[in-house]
Amino acid sequence: MRAATLPSQSRPLSTRSYFSSPISLDRSAHPQQLCSMPQEYAQLDLTEDQDSGNSKTMLSEPVHPALEGFPDVHAFDNLMDRYVKELSPKKQDKALIHAARAANIKTVLLDKKTTQIESAQFRFWVKKMFTLEPDDPKVNMARRKICHEGKPVAVREKLFKILTKAHRQCQHGGRDKTSAQVRFRKN
């Protein structure tokens with residue numbers, strides 16, 4: 001399999017997955033899951049989960065095994081922390097959505113009348129900014145994703161995996177190619 005790049009940049013891609021996540025561009029990996037839902041929902045199934053085992057620490061999930069030539073997960077976490085701290089105090093809380101907050105967002109979207117989750121201001125913000133997609137009660141809750149403007153939300157703990165995976169898929173293609181790959185996976 002070859003990556004979609006210029007012919008002079010084309011290199012064979014490894015078929016071995018370096019990621020502990022079961023997500024793959026190969027649509028045949030989970031044929032029964034993809035065939036059991038409408039096509040527009042199938043693409044959401046290929047995105048990273050929005051929950052994390054690191055929700056208490058909010059640290060990035062590492063890629064196993066670590067990839068040579070890629071940033072270290074700890075250095076990435078330090079960059080993320082520095083980025084958030086440099087924002088104005090009002091923006092720091094919502095700049096990156098962590099898994100625990102994503103769980104609260106999902107709860108509010110599932111029960112719009114709830115008053116138990118965080119503050120009234122938070123619940124208003126959630127209802128205004130996010131949707132659960134697909135908006136179909138027949139679809140399993142685990143498959144429904146929190147979306148903003150129709151695009152799945154990437155939780156803070158998964159950003160390292162998402163960016164590393166996209167950067168690898170475009171063969172260290174730089175910021176623009178990596179960003180395009182992330183958008184391709186998220187749409």
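The values are calculated or read from the model by the stated rules, or taken from the named source; none is laboratory data. The structure displayed is predicted, hence computed values, not measured ones. Glycine also receives a Cβ, built like all others from the backbone with ideal geometry; neighbour counts cover every protein chain displayed.
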Exercise for the section: Answer yes if at least one residue in segment 131-144 is buried (at least 21 other Cβ atoms within 10 Å of the Cβ) and farther than 25 Å from Asp93 by Cα, and no otherwise. Expected result: no
Fill in the blank from the handout: By residue number, the members of segment 58-95 that are in contact with a helix residue (DSSP H, G or I) (Cβ under 8 Å, 6 or more places away or on another chain), in a loop (DSSP other than H, G, I, E, B) and at pLDDT 85 or above are Leu87
Practice task
Restricting attention to segment 159-187, report how many residues are within 17 Å of Tyr83 (Cβ to Cβ), over 14 Å from the mean Cα position of the chain (by Cα) and at pLDDT 75 or above.
Solution key: 0
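Here is a list: Leu159, Leu109, Leu87, Leu96. Which entry is more than 20 Å from Ser60 (Cβ to Cβ) and of a type outside the set (Val, Ile, Thr)? Can you show your working first?
On the way: Leu159 fails: more than 20 Å from Ser60 (Cβ to Cβ); Leu87 fails: more than 20 Å from Ser60 (Cβ to Cβ); Leu96 fails: more than 20 Å from Ser60 (Cβ to Cβ).
After applying the criteria, what remains is Leu109.
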Handout entry: Answer from Lys106, Lys161 - the residue that is part of a helix (DSSP H, G or I), over 30 Å from Glu68 (Cβ atoms) and touching a residue at least 24 places away in the same chain (Cβ under 8 Å)
Key = Lys106
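Scan segment 154-177 and give yes if some residue there is closer than 16 Å to Lys106 by Cβ and either surrounded by fewer than 20 Cβ atoms within 10 Å (Cβ to Cβ) or touching a strand residue (DSSP E or B) at 6+ places or on another chain (Cβ under 9 Å) (or both), otherwise no. Outline the logic, then answer.
The initial filter retains those residues of segment 154-177 that are closer than 16 Å to Lys106 by Cβ, namely 154-158.
Then drop every residue that is not either surrounded by fewer than 20 Cβ atoms within 10 Å (Cβ to Cβ) or touching a strand residue (DSSP E or B) at 6+ places or on another chain (Cβ under 9 Å) (or both), which leaves 155.
Scanning segment 154-177, I find at least one residue that is closer than 16 Å to Lys106 by Cβ and either surrounded by fewer than 20 Cβ atoms within 10 Å (Cβ to Cβ) or touching a strand residue (DSSP E or B) at 6+ places or on another chain (Cβ under 9 Å) (or both), so the answer is yes.
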